[in-house]
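Working notes, beginning with the structure itself.
The values are calculated or read from the model by the stated rules, or taken from the named source; none is laboratory data. What you are looking at is a predicted structure, and each value in this text was computed from that prediction instead of being measured. Quick reminder, even Gly has a Cβ in these numbers, built from the backbone with ideal geometry, and neighbours come from all protein chains shown.
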Amino acid sequence: MGENKKRGVMLSGIQPTGNFTLGNYIGAVGNWGKQEKEFDCFYFLADLHSLTIRQDPEALRHQSYSAFSLLISCGIDPDKSVVFAQSQVPTHAEMNWILNCYSYFGELSRMHQFKEKSKLHEENINAGLLTYPVLMAGDILLYQADYVPVGADQKQHVEFARDVAGRFNSIYGPTFKLPEPYIPEEGARLMSLQDPTKKMSKSDTNPYGYVTIVEDRDTIIKKFKRAVTDNEREVVYREGKDGINNLITIYSVITGKTHDEVAKEFEGKGYGDFKTAVGEVVADELAPVRTKYLELMSDLGELDKLLKKGAQRAYEVSLPTLLDAKHKVGLLYEVLDFCKAK
Ligand code: TYM
């Protein structure tokens with residue numbers, strides 16, 4: 001009776017700021033539901049991370065519902081995975097403080113994302129922006145995650161989580177599992193449709209640079225028709241053809257065709273036909289996601305119930321690791337009655 005074999009743990013998070021882009025979908029979220037068969041999965045809204053950039057409070061709260069619905073619409077089953085909001089599970093903020101004291105200013109200030117975001121938000125280089133990877137390390141280590149599915153831009157942060165876990169374990173003995181980044185072979189870094197040398201990002205000021213996963217069919221196709229490419233005519237994956245390479249990647253991931261098969265399919269046809277075809281397969285892929293999303297968003301009460309269920313389970317799973325770490329560093333670690341659920 002029951003399962004004897006211990007399953008691996010898969011964990012990832014996404015910031016609830018703005019609608020998810022096709023980059024988030026192909027590089028991360030779209031793959032998460034598929035892992036439920038093999039792994040114990042934990043997926044969450046990294047809403048505490050979002051505070052590192054100034055947010056409109058009402059908009060952020062609304063976007064949390066929206067992003068939670070999107071996670072489920074993209075194929076995560078809340079009966080199989082633990083899906084929750086980071087800020088509703090207090091173990092994350094507590095673990096963050098402990099790990100802060102085992103992380104160094106030097107290593108944090110060298111992180112790519114810190115450097116990029118400090119340039120982008122010169123007026124608000126807050127401490128959270130610097131210690132962002134420490135919060136993320138706590139998110140991962142609290143659940144003893146084996147694998148962290150992320151796009152290429154988050155690889156350095158997962159490596160940092162490994163470093164800090166190793167450092168802590170070497171002082172106090174085995175406490176945290178060392179996680180591994182789990183990066184898709186294809187689509188780990190989708191590029192902007194307007195500037196294919198830049199990552200596709202929901203914070204792009206030009207809406208033609210990205211496609212969100214709840215956009216309507218006509219808008220999606222229009223954005224692909226306008227995608228910036230080059231002056232050649234050949235649909236082929238080759239160095240220097242950043243725009244076309246990006247479109248081939250998208251088409252390949254969605255249709256399952258190889259780059260060569262895509263090149264054959266569009267041999268003798270122009271870029272116009274190809275761009276429309278990419279727009280159409282993307283629109284077809286995202287149509288059911290959009291339908292499910294709109295359905296979920298019509299019942300916020302039901303979303304609250306799901307959020308609560310996820311947070312409770314996440315708390316139960318993460319608490320033993322937090323208490324172990326508190327014990328090891330010398331803190332009092334009894335959970336006092338007033339903190340226990342009624
Ligand atoms: P976030 O919200 O920036 O992005 C969520 C996921 O989407 C991936 N991604 C992309 N993949 C391919 N092409 C793109 N253009 C593209 N843009 C984004 C990201 O790599 C990411 O996997 N710090 C994280 C959230 C986080 C987290 C964690 C992740 C917080 N704690 C613990 C894993 C584990 C972030 O801001 O992701």
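Can you name the residue in region 84-126 that is in contact with a His (Cβ under 8 Å, 6 or more places away or on another chain) and assigned to a helix (DSSP H, G or I) and is also modelled with the highest pLDDT among such residues?
Looking only at region 84-126, we keep the residues that are in contact with a His (Cβ under 8 Å, 6 or more places away or on another chain), and these are 86, 111, 113.
Checking which are assigned to a helix (DSSP H, G or I) leaves us with 86, 113.
Details: Q86: 98, Q113: 95.
Among them, the one singled out is Q86.
For the structure I just gave you, tell me whether D230 is outside any helix (DSSP H, G or I), surrounded by fewer than 16 Cβ atoms within 10 Å (Cβ to Cβ) and not assigned by TED's automatic domain parsing to the domain that holds N96.
In short, yes.
Filter region 322-342 down to residues that are assigned to a helix (DSSP H, G or I) and out of contact with any Gly (no Cβ under 8 Å at 6 or more places or on another chain), then give me how many there are.
10
Scan (1) on the phi > 0 side of the Ramachandran plot; (2) in a helix (DSSP H, G or I); (3) of a type outside the set (S, T, N, Q) for the single condition L294 breaks and write down its number.
(1)
Does region 57-77 contain any residue that is basic (K, R) and modelled with pLDDT under 95? Break it down into steps so the answer makes sense when it comes.
Our first condition is that a residue be basic (K, R); within region 57-77, this holds for 61.
From what is left, the residues that are modelled with pLDDT under 95 are none.
Checked region 57-77: no residue is basic (K, R) and modelled with pLDDT under 95.
What residue, of L99, L120, is aliphatic (A, V, I, L, M) and either in the same structural domain as I213 (by TED's automatic domain parsing) or buried (at least 18 other Cβ atoms within 10 Å of the Cβ) (or both)?
That would be L99, the only listed residue that is aliphatic (A, V, I, L, M) and either in the same structural domain as I213 (by TED's automatic domain parsing) or buried (at least 18 other Cβ atoms within 10 Å of the Cβ) (or both).
Tell me yes or no: at least one residue of region 15-29 is more than 8 Å from the ligand (Cβ to nearest atom), surrounded by fewer than 17 Cβ atoms within 10 Å (Cβ to Cβ), over 18 Å from H92 (Cβ atoms) and in contact (Cβ under 8 Å) with a residue 12 or more places away in the chain.
Looking through region 15-29, none of the residues is more than 8 Å from the ligand (Cβ to nearest atom), surrounded by fewer than 17 Cβ atoms within 10 Å (Cβ to Cβ), over 18 Å from H92 (Cβ atoms) and in contact (Cβ under 8 Å) with a residue 12 or more places away in the chain.
Is it fair to say Y208 is surrounded by fewer than 21 Cβ atoms within 10 Å (Cβ to Cβ), touching a helix residue (DSSP H, G or I) at 6+ places or on another chain (Cβ under 7 Å) and not in a loop (DSSP other than H, G, I, E, B)? Working first, answer last.
Working: surrounded by fewer than 21 Cβ atoms within 10 Å (Cβ to Cβ): yes; touching a helix residue (DSSP H, G or I) at 6+ places or on another chain (Cβ under 7 Å): yes; not in a loop (DSSP other than H, G, I, E, B): yes.
Spelling it out, Y208 is indeed surrounded by fewer than 21 Cβ atoms within 10 Å (Cβ to Cβ), touching a helix residue (DSSP H, G or I) at 6+ places or on another chain (Cβ under 7 Å) and not in a loop (DSSP other than H, G, I, E, B).
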